[in-house]
1. Within region 1-29, count every residue that is modelled with pLDDT of 60 or more, open to solvent by 40 Å² or more (accessible area, probe 1.4 Å) and part of a helix (DSSP H, G or I).
2. Taking the criterion of being surrounded by 14 or more Cβ atoms within 10 Å (Cβ to Cβ), on the phi < 0 side of the Ramachandran plot and β-branched (Val, Ile, Thr), would at least one residue in region 42-58 satisfy it?
3. So, Ser89, is that one surrounded by 11 or more Cβ atoms within 10 Å (Cβ to Cβ), more than 9 Å from the ligand (Cβ to nearest atom), modelled with pLDDT of 95 or more and small (Gly, Ala, Ser) or not?
4. Report, by residue number, each residue of region 16-60 that is among the hydroxyl-bearing types (Ser, Thr, Tyr) and touching a helix residue (DSSP H, G or I) at 6+ places or on another chain (Cβ under 8 Å).
Amino acid sequence: MRKLVVLFALLGGTALAADGAAIFKAKGCASCHQPTADTVGPSLKKIAQAYVGKEDQLVKFLKGQAKPIVDPAKAAIMMPQLTLIKNLSDEEFQALANYIMSFK
Ligand code: HEC
């Protein structure tokens with residue numbers, strides 16, 4: 001019985017955890033951000049490297065509460081994209097930031 005409870009706790013945890021990669025794809029972010037090559041937007045690797053040690057600031061940027069630091073000259077292309085994710089939960093914002101940081 002105890003094993004079953006543990007199993008359900010594990011399954012429940014996985015099902016509830018926000019999936020940053022899925023959000024990134026579903027919101028169309030991947031059309032401008034490739035893993036390692038700069039295209040319309042900077043690569044995920046370049047973004048992650050700019051935010052090493054500043055992960056909190058990345059979450060704030062995604063929430064529209066912090067200024068861009070990677071390529072501010074092109075921010076006019078990026079800022080409107082933030083409206084697509086403005087209704088995410090705190091957990092989902094964190095998962096999205098974790099996904100981006102996984103490319104550093
Ligand atoms: C139409 C193309 C386009 C789409 C779609 C797009 N981006 Fe961007 N993104 C850019 C460009 C261009 C920049 C560079 C400007 C900048 O640094 O703000 C950028 C920069 C960024 C940065 C770095 C911000 C910084 O500090 O400079 C993050 C993080 C980011 N995008 C996340 C996302 C996420 C998450 C999505 C999906 C909701 C997304 N982008 C969708 C073009 C796009």
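1. Matching residues across region 1-29 total 5.
2. yes
3. No: the conditions fail for Ser89.
4. Matches in region 16-60: Thr36, Tyr51.
The values are calculated or read from the model by the stated rules, or taken from the named source; none is laboratory data. Note that this is a predicted model, so its numbers are computed, not measured. Counting neighbours? That spans all protein chains shown, and the Cβs are built from the backbone with ideal geometry, glycine included. Side chains are part of the model used for accessible areas, which takes the heavy atoms of the whole protein and leaves out ligands, DNA and RNA. Shrake-Rupley method; radii C 1.70, N 1.55, O 1.52, S 1.80 Å.
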